[in-house]
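To keep things clear, I will list the structure first and then write my remarks on it.
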Amino acid sequence: MKVVCIGAGYVGSVTGTALAANGHQTTVVDIDPDKIDRLNRGESPIYEPGMDTLVPELIGKSLFATSSYDPVADAEVVFIAVGTPSGADGSADLRYIKATAEQIGKRLSSDHFTVIAMKSTVPVGTAELVTTLLAETSGLTAETHFTVVSNPEFLREGYALEDVFFPDRIVIGSVHPQGLQQMRQLYQSFISREGYERLTPHFTFTYDLNAPRANYFETDTKSAELIKYASNAFLAVKISYINELARLCEVIGGNVQDIAAGMGLDSRIGHKFLQVSSGWSGSCFPKDTSEILSTSEKYGSELMVVKAAVESNERMHMYVVEKLIRRLKSLNGKRIGILGLSFKPNTDDARKTQASFIIDKLLERGALVQVHDPQGMGMFRALNPDLPIEYCHDPIQTGRLADAVVLLTHWQEYREIDWQKLASLMRQPYVLDTRNFLNPNEIQKAKIHYEGMGVSE
Ligand code: NAD
Ligand code: UGA
């Protein structure tokens with residue numbers, strides 16, 4: 001099929017690449033010329049494992065990239081995958097969606113039926129809004145010449161290609177027969193995995209091709225829009241819950257890792273998303289919980305559980321600072337090393353990360369901060385240009401004259417740190433591991449005081 005994907009960010013570039021790999025003639029469109037140039041040079045516009053091998057393989061064959069919206073005129077399916085950040089009032093800011101709709105509307109053709117598929121995470125009612133905008137700008141009749149379907153994306157950064165090629169579910173919100181039919185045709189290859197043998201050499205992950213197929217779930221548009229927010233908020237609640245249990249364990253005893261393992265053995269609960277942390281963060285959970293809270297409040301039906309999870313999460317970020325104060329007494333003049341600025345490993349995405357919250361609080365208390373991240377330093381620096389912190393090009397350097405080193409993001413390479421060497425640089429050998437990720441024995445062997453989360457001292 002002929003497909004256009006508007007937005008070459010984490011969702012758009014990965015979706016476009018996966019569609020192209022599945023044989024669809026796909027054009028990715030972005031207003032950012034740098035992202036388009038990178039794609040056309042055969043490079044990934046974002047850091048995401050596997051993209052570096054797939055993009056050069058496909059570009060110019062089934063994958064195309066341009067700043068022009070003109071390919072929309074011939075497309076059978078146009079995905080919208082532009083950003084929907086939080087606005088000033090906490091609800092989703094739809095300015096990029098509206099700008100995109102206007103550009104698509106100008107190119108829609110009456111020669112053939114076009115499906116506009118909303119991949120961006122958008123509030124309930126956005127498909128209706130976009131339908132109106134498209135009808136106004138195109139002069140065409142909605143549901144006769146085009147339809148807007150909701151097709152929320154559930155990929156995780158760091159595992160984006162894996163999630164797109166092997167999704168648990170594909171959700172389509174539409175009641176339009178041709179809209180539904182074109183989406184089924186588009187996703188057929190993802191469900192049948194036809195041609196996946198050809199692709200497997202390019203996967204950076206292993207996967208059993210005979211594993212259960214994606215659930216293909218069709219519903220009305222508003223339900224599909226809400227499934228996305230409901231899912232993200234539910235996952236955020238689950239993490240906040242285990243993080244609260246971690247705090248409880250530290251005062252009454254017990255080990256949160258064992259508690260998570262024991263809880264997860266119940267198949268109704270499951271093991272996933274029970275990993276303790278300094279709180280969830282990133283470009284998605286904070287803005288999506290904020291949007292669903294804002295909308296639910298506006299309609300007088302507040303999601304109280306989600307509100308509590310958001311408050312609890314901020315408390316968890318702060319708890320890390322409190323743990324440091326408990327250990328170091330005062331933070332004034334203390335030097336703190338931070339391992340990890342991205343909100344999770346295997347991504348360069350440093351938008352709205354727990355690191356920025358925690359670093360702010362440390363600086364407010366007079367600490368000196370030195371940081372490292374394998375991929376996230378560029379974006380973190382660009383987003384926080386005025387932060388008076390030192391960027392280290394080697395994780396060991398975060399220990400230089402430090403009173404504490406805090407692991408915030410569990411990058412695999414932090415397991416390989418030479419702790420003896422790091423200890424020799426530190427003023428006070430102390431490591432706070434907010435993910436219970438490091439090997440305490442190795443660290444203690446280097447005569448460093450190790451502290452994890454959710455275990456009473
Ligand atoms: P992103 O910021 O990485 O990418 C958005 C892209 O859209 C940017 O490259 C930007 O230049 C481009 N853009 C903005 N306005 C444009 C316009 N008028 N025309 C063409 N391009 C335009 O964002 P993202 O992380 O890919 O997220 C996109 C959407 O998908 C959001 O709604 C997000 O909530 C949702 N989502 C994200 C993820 C994720 O893991 N990042 C997962 C699922 C869903
Ligand atoms: C999340 C969802 O998992 C995706 O399904 C969704 O598509 C995406 O948001 C989105 O809508 O954008 P992502 O933000 O990439 O994906 O990352 P997650 O793996 O969900 O992690 C989110 C945050 O929770 C991270 O800070 C992570 O470290 C934290 N987390 C996750 C924990 O603290 N503990 C856990 O057990 C799991």
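Points to keep in mind about this one:
- Hey, Ser283 surrounded by 21 or more Cβ atoms within 10 Å (Cβ to Cβ) and assigned to a loop (DSSP other than H, G, I, E, B) or not: no
- In the range 53-65, the residues that are part of a strand (DSSP E or B) reach residues that are open to solvent by 50 Å² or more (accessible area, probe 1.4 Å) with C-beta atoms within less than 6 angstrom, at least six apart or across chains, in these pairs: Ala65/Asn40.
- Subset of the range 77-104 [surrounded by 20 or more Cβ atoms within 10 Å (Cβ to Cβ) and either more than 12 Å from ligand 1 (Cβ to nearest atom) or charged (D, E, K, R) (or both)]: Val77
- Count of residues meeting criterion [β-branched (Val, Ile, Thr), part of a helix (DSSP H, G or I) and surrounded by 13 or more Cβ atoms within 10 Å (Cβ to Cβ)] in the range 214-271: 7
- Residue check for Thr121: buried (at least 20 other Cβ atoms within 10 Å of the Cβ) and either within 16 Å of ligand 2 (Cβ to nearest atom) or more than 26 Å from Leu180 (Cβ to Cβ) (or both): yes
- Restricting Asp37, Asp89 to those that are assigned to a helix (DSSP H, G or I) and either of a type in the set (A, V, I, L, M, F, W, C) or farther than 23 Å from Ile191 by Cβ (or both) reduces the list to Asp37.
- Being buried (at least 18 other Cβ atoms within 10 Å of the Cβ), part of a helix (DSSP H, G or I) and within 16 Å of ligand 1 (Cβ to nearest atom) is a description that applies to Val164.
- None of Leu140, Leu133, Leu129 is over 19 Å from Ser68 (Cα atoms) and outside any helix (DSSP H, G or I) except Leu140.
- Tyr196, sole failed condition from (1) open to solvent by less than 30 Å² (accessible area, probe 1.4 Å); (2) within 19 Å of Leu19 (Cβ to Cβ); (3) modelled with pLDDT of 95 or more: (3)
- Total residues in the range 117-161, condition among the hydrophobic types (A, V, I, L, M, F, W, C) and under 15 Å from Lys222 (Cα atoms): 9
- Residue within the range 208-224 that is polar (S, T, N, Q), in contact with a helix residue (DSSP H, G or I) (Cβ under 7 Å, 6 or more places away or on another chain) and more than 24 Å from Val171 (Cβ to Cβ) present: no
- Residue in the range 38-59 that is over 29 Å from Trp411 (Cα atoms), near ligand 1 (Cβ under 10 Å from one of its atoms) and touching a strand residue (DSSP E or B) at 6+ places or on another chain (Cβ under 6 Å) present: no
- Residues of the range 4-32 that turn out to be outside any loop (DSSP other than H, G, I, E, B) and within 15 Å of Ile97 (Cβ to Cβ), as a count: 5
- Within the range 205-260, the set of residues being within 16 Å of ligand 1 (Cβ to nearest atom) and of a type in the set (Gly, Ala, Ser) comprises Ala214, Ala224, Ala230, Ser231, Ala233, Ala236.
- Of residues in the range 168-186 being polar (S, T, N, Q) and surrounded by fewer than 21 Cβ atoms within 10 Å (Cβ to Cβ), the one farthest from Thr17 (Cα to Cα): Gln178
- Contact map, the range 406-421: first residue without any contact (Cβ under 8 Å) to a residue 60 or more places away in the chain, second residue open to solvent by 50 Å² or more (accessible area, probe 1.4 Å), Cβ cut-off under 6 Å, separation 6 or more or different chains; pairs are Trp419/Glu442.
- The requirement of being part of a helix (DSSP H, G or I), within 22 Å of the chain's Cα centre (by Cα) and either touching a residue at least 24 places away in the same chain (Cβ under 8 Å) or closer than 28 Å to Pro123 by Cβ (or both) is fulfilled somewhere in the range 178-197, by at least one residue.
- Checked against the criterion of being buried (at least 16 other Cβ atoms within 10 Å of the Cβ), farther than 16 Å from Glu162 by Cβ and either touching a residue at least 60 places away in the same chain (Cβ under 8 Å) or within 16 Å of ligand 2 (Cβ to nearest atom) (or both), the range 29-42 has no qualifying residue.
- The range 321-332 - residue that is under 15 Å from Glu364 (Cα atoms) and in contact with a Leu (Cβ under 7 Å, 6 or more places away or on another chain) and, of those, surrounded by the most Cβ atoms within 10 Å (Cβ to Cβ): Leu324
- Cβ separations smaller than 6 Å between residues 6+ apart or across chains give the following pairs from the range 88-104 residues that are on the phi < 0 side of the Ramachandran plot and of a type in the set (S, T, N, Q) to residues that are within 8 Å of ligand 1 (Cβ to nearest atom) and in a strand (DSSP E or B): Thr100/Ile6.
The values are calculated or read from the model by the stated rules, or taken from the named source; none is laboratory data. Fair warning: this is a prediction, and the values are worked out from it, not measured in the lab. Virtual Cβ from ideal backbone geometry, glycine too; neighbours counted across all protein chains shown. With ligands, DNA and RNA removed, areas are computed over all heavy atoms of the protein, side chains included. Shrake-Rupley method; radii C 1.70, N 1.55, O 1.52, S 1.80 Å.
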